[in-house]
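Q: Here it is, the structure in full.
The values are calculated or read from the model by the stated rules, or taken from the named source; none is laboratory data. Here the structure is a predicted model, which is why all the values come from computation and not from measurement. We place every Cβ from the backbone using ideal geometry, glycine too, and count neighbours over all the protein chains shown. With ligands, DNA and RNA removed, areas are computed over all heavy atoms of the protein, side chains included. Shrake-Rupley method; radii C 1.70, N 1.55, O 1.52, S 1.80 Å.
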Amino acid sequence: MDWKNDRVGSCERGENPTLMIKMKSGFAVIGDHQFLPGYCLLLGYPKASSLNELSMKARNQYLMDMTLIGDAIIKACSPLRINYSTLMNLDHYLHTHIEARYEWETDEHRSRPTYFYPREQRFGKEYEYNEPKYGELKSKITEVLRGLMSEAYDSI
């Protein structure tokens, strides 16, 4: 089975090449396309159909983990800001897109959600994740995230 058909299961089995680290609420993965460097996702685990399905404790953990990924991207990539999107329109399980936004983006694009970029630009072959091209970025974000998790989880 292709790992993209079961992203969470492939993380569990260690078959997902985008996996960065297991967090308390799910799996942190680097995005399939690095059109905006540092794009990551939090894949909720165990699977839930929405944030509202989780207990208050689980919701708090998920939201904290989501922002820890954002903090790691900020430290590793120095973006202007981070955008968080929890949509679940195509993949019907809890996951959040965590996107770095940069000063070098045009005003038109920087002030709007990334899905307003042309599809062929966002999903261009040159931005597809592969280890030789993006492995160092993935490692850098993972290392920062590991330290942030240690601090945050110890303070709870």
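Q: Kindly sort W104, W3 by accessible area of their heavy atoms, largest first, with the probe set to 1.4 Å.
A: W104, W3
Q: Please report, as a whole percent, how much of the solvent-accessible surface of the chain comes from carbon and sulfur atoms (probe radius 1.4 Å).
A: 52 percent
Q: Send over the semi-axes of segment 73-156's equivalent ellipsoid, whole angstrom and largest first, taken as the square roots of 5 times the C-alpha gyration tensor eigenvalues.
A: Working from the Cα gyration tensor, I get semi-axes of 24, 17, 16 Å.
Q: With each label point set 7 Å from Cα along the Cα-Cβ vector, what nm distance links L51 and K140?
A: Once both label points are built, they end up 2.8 nm from each other.
Q: Between W104 and N83, what FRET efficiency follows from the Cβ-Cβ distance if R0 is 22 Å, with the result rounded to 0.05?
A: After rounding to 0.05, the efficiency reads 0.90.
Q: Give me a comma-separated list of calculated 3J(HN,Hα) values for segment 25-31, in order, Karplus coefficients 6.51, -1.76, 1.60 applied at θ = phi - 60°, integers in Hz, x for any Gly or Pro.
A: Once θ is set to phi - 60°, the couplings for segment 25-31 become 9, x, 10, 8, 10, 7, x Hz.
Q: Now, a different point. Excluding ligands, DNA and RNA, what is the solvent-accessible area per residue of the chain at a probe of 1.4 Å, expressed in Å²?
A: Heavy-atom SASA per residue in the chain reads 55 Å².
Q: Would you mind computing, in nm to one decimal, how far apart the modelled labels at E128 and S150 are, each placed 7 Å from Cα along Cα→Cβ?
A: Going by the 7 Å Cα→Cβ label model, 3.6 nm.
Q: Ignoring everything except DSSP H segments at least 4 long, calculate the 222 nm mean residue ellipticity for the chain; use -39,500 (n - 2.57) per segment, divide by total residues, nearest 500.
A: -12000 deg cm²/dmol
Q: Does the chain come out rounded, prolate or oblate by the C-alpha gyration tensor, with a ≥ b ≥ c the root eigenvalues, rounded set by a/c under 1.5 and, if not, prolate when a/b is larger than b/c and oblate if not?
A: Taking the square roots of the gyration eigenvalues as a ≥ b ≥ c, the chain is rounded.
Q: Using only Cα atoms, locate the centre of segment 117-133 and the centre of segment 48-75, then give the distance between them in Å, rounded to an integer.
A: First find each Cα centre; the distance between them is then 26 Å.
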